[in-house]
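For reference, the structure discussed in these notes is given below.
The values are calculated or read from the model by the stated rules, or taken from the named source; none is laboratory data. Keep in mind that this is a model prediction, so the values were computed, not measured. Glycine also receives a Cβ, built like all others from the backbone with ideal geometry; neighbour counts cover every protein chain displayed. Calculation scope for accessible area: heavy atoms of the full protein, side chains included, ligands and nucleic acids excluded. Shrake-Rupley method; radii C 1.70, N 1.55, O 1.52, S 1.80 Å.
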Amino acid sequence: VTRGVDSRALASGRIAAVGRATQAALGEMGLTPDLIPDLVPCESHGIGLAQGLLALLEKGSATRILYPRAHQGREDAVARLVDAGCDVNLVSAYRSIARDGSEPALVDALGKLRAGALHAVAFFAPSQFHALCTMGEDVLALLGEVPVLAAIGPTTAAALRSAGLEAHAVARSPSSEDMAEAIAEAFLALTPA
């Protein structure tokens with residue numbers, strides 16, 4: 001679109017979206033995805049996307065895939081596509097960068113964590129969890145005291161587990177709506193009947 005080409009240039013291709021937020025962003029550009037994979041059960045949202053793509057594509061055909069993702073994203077889904085014979089063109093679409101711990105919003109959040117004033121902490125990527133843990137030697141232990149730790153998906157939940165924490169809430173799909181629903185369900189489970 002920004003290069004003066006309209007959506008008809010994609011007529012022979014197919015479009016996949018990992019979740020509803022990506023679907024909505026595509027819709028704003030006048031594009032409708034051919035695939036939004038059913039992500040339950042699956043080891044990660046990327047694997048779910050790869051499995052859905054492979055099911056959608058013709059068997060045995062040489063398939064070229066443009067795969068925009070996070071800079072230095074996980075390789076498991078890409079490996080699955082390559083192993084199936086796809087020609088995958090990786091594009092770094094965004095990069096997560098840890099913020100300076102002296103920023104007012106982070107100072108406030110860390111103060112609330114240290115005061116035991118947080119009832120939930122939500123992580124939307126393993127990199128967010130790891131970045132937060134670098135903001136103080138006490139952070140990991142303090143996170144263990146938070147009643148509800150939430151993860152956007154299985155990969156983020158695994159990052160918490162590898163540090164000795166458990167995600168009490170895991171979103172069914174990578175969307176803020178499903179994250180909020182998972183957190184609400186976790187709080188309901190904490191409430192005595």
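Looking at Val82, Val18, Val40, Val5 in this structure, which one is among the hydrophobic types (A, V, I, L, M, F, W, C), farther than 25 Å from Asp178 by Cα and either open to solvent by less than 70 Å² (accessible area, probe 1.4 Å) or at pLDDT below 75 (or both)?
Val5
Rundown of residues vs (1) among the β-branched types (Val, Ile, Thr); (2) open to solvent by less than 60 Å² (accessible area, probe 1.4 Å); (3) within 25 Å of Glu177 (Cβ to Cβ), yes/no style:
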site: Ala98; (1), (2), (3): no, no, no
site: Gly101; (1), (2), (3): no, yes, no
site: Val107; (1), (2), (3): yes, no, no
site: Leu110; (1), (2), (3): no, yes, no
site: Arg114; (1), (2), (3): no, no, no
site: Pro147; (1), (2), (3): no, yes, yes
site: Gly153; (1), (2), (3): no, yes, yes
site: Ala159; (1), (2), (3): no, yes, yes
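Considering only region 127-136, I want to know if a residue exists there that is surrounded by 14 or more Cβ atoms within 10 Å (Cβ to Cβ), within 18 Å of Gly19 (Cβ to Cβ), at pLDDT below 95 and not hydroxyl-bearing (Ser, Thr, Tyr).
yes
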